[in-house]
Amino acid sequence: MSTTILWLIGAFAVLGAEMLIGTIYLLTVSAALFAAALFSYLNFSLTVQCSVAAIVTCLGAIGTYFLRSRKKSAVEDVRLDEGNKVIVNKVNVDGSAYVNYRGAKWLARAETGQLQSGVYIIAKVDGNELVLTKQN
């Protein structure tokens, strides 16, 4: 069996694994194996084929990392909770309160001062805590 066929079998196996697992990084490995198969078809040495596979994998992984980090930061910029209203019924001794929001109980605190019973607007989400401001 020729090395071109072996590279192609490896590329399709990795591509199939990527479809099952869903990580984008395996696409770069599959592309690298396809590139190595191309160089094998063009009768380059095994050293060149392996080098091409390594270079394409590294470049693809670096490119994928930067694409994913840029996409992640864009998603983090969307703050869907800010500006929504919550009702504070009972205030704890320390000035915080538990409020129901999106079907769950959240710990809430005032952005400035202390909470009192009433309607508040979510200023920001700080970890698992809502920071509230008084509704105007």
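Points to keep in mind about this one:
- Compactness relative to 2.2 N^0.38 Å, alpha carbon Rg of the stretch 38-136: 2.04
- Dipole of the chain, positive direction: furthest Cα of Tyr98, Ala11, Cys50, with charges on the beta-carbon: Tyr98
- Pair-distance profile P(r), taking every C-alpha pair of the stretch 3-76, with 5 angstrom steps and integer %: 3, 19, 22, 21, 15, 10, 6, 3, 2, 0
- Axial C-alpha extent at least 30 Å, average Kyte-Doolittle at least -0.5 - helices from the chain (DSSP): 46-76
- Between the stretch 85-135 and the stretch 26-48, the alpha-carbon centres lie 57 Å apart.
- Choice from Val93, Val125, Val29 with maximal GNM fluctuation in the chain (Cα, 10 Å cutoff): Val93
- Cβ-defined net charge surrounding Arg109, 9 Å radius [Lys, Arg +1; Asp, Glu -1]: -4
- Leu59/Thr3 FRET efficiency (R0 22 Å; Cβ-Cβ; nearest 0.05): 0.50
- Arg70/Asn92 FRET efficiency (R0 30 Å; Cβ-Cβ; nearest 0.05): 0.15
- Note on the chain: GNM, Cα springs under 10 Å; of Lys105, Lys124, Lys85, the largest mean-square fluctuation is that of Lys105.
- Proximal lysine pairs, the chain, alpha carbons under 17 Å, eight or more residues apart or interchain: 7
Any read-out appearing in this document is the output of simple, stated calculations on the displayed coordinates, not a laboratory observation. What you see is a predicted model; the values in this text were computed from it and never measured. Please note: Cβ atoms are built from the backbone with ideal geometry, for glycine as well, and neighbour counts cover all protein chains shown.
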